[in-house]
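**Q** Quick one: the structure is below, and I'll ask about it shortly.
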Amino acid sequence: MPPLATDLFDYPLPPELIAQTPALRRQDSRLLVVDRKRHTISHRHFADLPEYLTAGDALFRNNAAVLPARLQGRRPSGGHVECFLLRPLDDQTWRCLVRPGRKLPVSATFAHPSGAFTGEIVAREPDGSADVRFTTPAGETIIGVANRLGEVPLPPYIERPAATAPTHAAQRAADLERYQTVYADHQRQVAVAAPTAGLHFTPELLHKLGAQGVRMHDLTLHVGLGTFRPIGTDEIAAHAIHRELYEIPWDTQTALFPPLSGRRIAVGTTSVRTVEDFLSTHSAARSDGRMHVAEAEIFIYPPREFRGIDALITNFHQPRSTLLCLLAAFLTPGSTDGIGWFQEIYREAMAEKYRFLSYGDAMLIV
């Protein structure tokens, strides 16, 4: 098969269709339903999801909680510093993005004006990131500081205009609530981007699904900034996929293997990536009953068969993104036909004025 050109995964996205705010209520989002066997498209609302699920179906969902990871500071000279927490390396040290990077070599320091933290650059990485060792007064963790003072790491396509302090605080509080799933495990506050397909669920909807016999299984993928990184190579296979740490509890592992009483339904591409990476090297759950921890290195694009996912709930993705590659592969497993089909589906979604990207509407593929 000839190499896949990245241009095949491009499409014109009108800026006015990029959702800047979530739906008034989570379940009010629209739901485009794709039936792969019938090759049909239906237009519904997310609250209608229970009509498409049956007893015995299992939802696999990413319970990672989003950390308000963007911190502001000052260098000793008074210059401004923005520090974006990426992932912890130990109790005091984090891999970060810091700006302006050229003015922050190893041993450089910066601090929050309030004295809430001091950061020291202890290493620079080839990809431009930096390892920062933090000190805080009274033993507060940097996660605690981020929850008090950090900004919500909204995607770059969501714009927040300058605002007065009260308005800014209100918007921060709103984004802290809505850029987070209702089932996020705040003991796992590890993500710098939300697993956005899960943003549409409400406690009431989850209760309704549970009452009709749909089972819930949690896993954790530490969603990183790479999820927003467009493919910059001319050919898909040449793109270096980002790595993301994931954890799968033993009970979730066992639910992926026979005997199965229903379909395995992924809530979001992060859940697909986690499950497929795990199953690429495992044919059974861990024999010791423990959590499985690994780094997802898998890059899913057509043509590809799927080992562990039978249906998918997802949002509408950016042009030229790895998430779009996964979507096209899932539409027609084992074939490249999904590339043309996703273009057809997205054209109809745009014609119907669906809202795109993180705060936008959803799609169910059965």
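**Q** I want to make sure I understand the PRE zone here: with the label point 7 angstrom from the Cα of H43 toward its beta carbon, which residues in segment 317-357 have backbone N atoms less than 15 Å away?
**A** 345-356
**Q** Continuing with this model, one more query. Given R₀ = 30 Å, what would the calculated FRET efficiency be for D10 paired with T141, taking r from the Cβ atoms and rounding to 0.05?
**A** 0.10
**Q** While we're looking at this one, here's another question. Given a Förster distance of 30 Å, report the FRET efficiency between Q92 and D127 from their Cβ-Cβ distance, rounded to the nearest 0.05.
**A** 0.90
**Q** Can I ask one more? Name the shape class, rounded, prolate or oblate, that the alpha-carbon gyration tensor gives for segment 70-150, where a ≥ b ≥ c are the square roots of its eigenvalues, rounded holds for a/c under 1.5, and otherwise prolate holds if a/b is larger than b/c and oblate otherwise.
**A** Cα axes put segment 70-150 in the oblate bin.
**Q** Provide the gained length on full extension for the span A237 to R307, in nm with one decimal, where the gain is 0.36 nm per separating residue minus the Cα-Cα distance.
**A** Taking 0.36 nm per residue and subtracting the Cα distance, the gain is 23.1 nm.
**Q** Any idea what the relative contact order of the chain is, in percent, if you count C-alpha pairs under 8 Å spaced at least 6 apart?
**A** With pairs under 8 Å counted, the relative contact order is 24 percent.
**Q** So what is the calculated 222 nm ellipticity per residue for the chain, using -39500 (n - 2.57) for each DSSP H run with n of 4 or more, over all residues, to the nearest 500 deg cm²/dmol?
**A** -6000 deg cm²/dmol
**Q** Where the only charges are on Cβ atoms (+1 Lys, Arg; -1 Asp, Glu), what is the dipole of the chain about its Cα centre, to the nearest 20 debye?
**A** For the chain, the charge dipole is close to 580 debye.
**Q** Mind sorting T196, T181, T21 by how few other Cβ atoms lie within 10 Å of their own Cβ, fewest first?
**A** Placing the least packed residue first, the sequence is T21, T181, T196.
**Q** Sorting check: for 172-178, 332-338, which peptide has the highest mean count of neighbouring beta carbons within 10 Å, and how do the rest follow?
**A** My ranking of the peptides, most packed first, is 332-338, 172-178.
**Q** Within segment 245-354, list the GluC sites (Glu not before Pro) lying in a DSSP loop whose Cβ has at most 13 other Cβ atoms in a 10 Å radius.
**A** When the GluC sites (Glu not before Pro) of segment 245-354 are filtered for loop state and at most 13 Cβ neighbours within 10 Å, E297, E305, E352 remain.
**Q** Each residue of segment 260-270 in order: what ³J(HN,Hα) in whole Hz does its phi give by Karplus 6.51 cos²θ - 1.76 cosθ + 1.60, θ = phi - 60°, with x for Gly and Pro?
**A** Here the 3J(HN,Hα) series is 10, 9, x, 7, 9, 10, 8, 8, x, 5, 5 Hz.
**Q** Follow-up. How would segment 272-366 be classified by its alpha-carbon gyration tensor: rounded, prolate or oblate, with rounded meaning a/c under 1.5 and the a/b versus b/c comparison settling the rest?
**A** Verdict is prolate for segment 272-366.
**Q** Starting from the amide H of R215, placed 1.01 Å from N in the peptide plane, find each other amide H under 5 Å away whose residue is 5 or more places distant or on another chain.
**A** G56, D57, A58, L59
**Q** Shape call for segment 160-287 from the C-alpha gyration tensor, a ≥ b ≥ c root eigenvalues: rounded (a/c under 1.5), prolate (a/b greater than b/c) or oblate?
**A** The shape class here is oblate.
**Q** Moving on. With +1 on each Lys and Arg Cβ and -1 on each Asp and Glu Cβ, and nothing else charged, work out how big the dipole of segment 70-150 is about its Cα centre, in Debye to the nearest 20.
**A** 340 debye
**Q** Would you mind checking which residues have amide H under 5 Å from M291's amide H? H placed 1.01 Å from N; only 5 or more apart, or other chain.
**A** Residues meeting the criterion, in which the H sits 1.01 Å from N, are W250.
**Q** Among [x] 170; [y] 134; [z] 156, which is the computed volume of the Cα convex hull per residue in Å³?
**A** Label [z] holds the value from this structure.
**Q** Then there's this: For L32, which sequence-distant residues (separation of 5 or more, or a different chain) have an amide H within less than 5 Å of its own amide H, given hydrogens modelled in the peptide plane?
**A** R44, A362, M363, L364
**Q** Short version: ³J(HN,Hα) in whole Hz for each residue of segment 285-296, in order, from phi by Karplus 6.51 cos²θ - 1.76 cosθ + 1.60 (θ = phi - 60°), x for Gly and Pro, what are they?
**A** 5, 4, 6, 8, x, 9, 4, 9, 10, 7, 9, 6
**Q** Taking the chain as a Gaussian network, Cα atoms linked when under 10 Å apart, which of H112, H242, H39 shows the biggest mean-square fluctuation?
**A** Comparing H112, H242, H39 in a Gaussian network model of the chain, the most mobile one is H39.
**Q** Short version: ³J(HN,Hα) in whole Hz for each residue of segment 316-326, in order, from phi by Karplus 6.51 cos²θ - 1.76 cosθ + 1.60 (θ = phi - 60°), x for Gly and Pro, what are they?
**A** 8, 9, 5, x, 6, 10, 5, 5, 5, 4, 4
**Q** Hey, another quick one. Among Y11, Y179, Y354, whose mean-square fluctuation peaks in a Gaussian network model of the chain (Cα, cutoff 10 Å)?
**A** Y11
**Q** At what distance in angstrom do the alpha carbon centres of segment 292-322 and segment 33-102 lie from each other?
**A** A separation of 15 Å, based on Cα centres.
**Q** If R₀ is 41 angstrom, what is the calculated FRET efficiency for the pair H207 and V106, using the beta carbon separation as r and rounding to 0.05?
**A** 0.20
Computed from the coordinates by the stated procedures, all read-outs in this text should not be read as laboratory data. Note that this is a predicted model, so its numbers are computed, not measured. Note: ideal-geometry Cβ built from the backbone for every residue, glycine included; neighbour counts use all protein chains shown.
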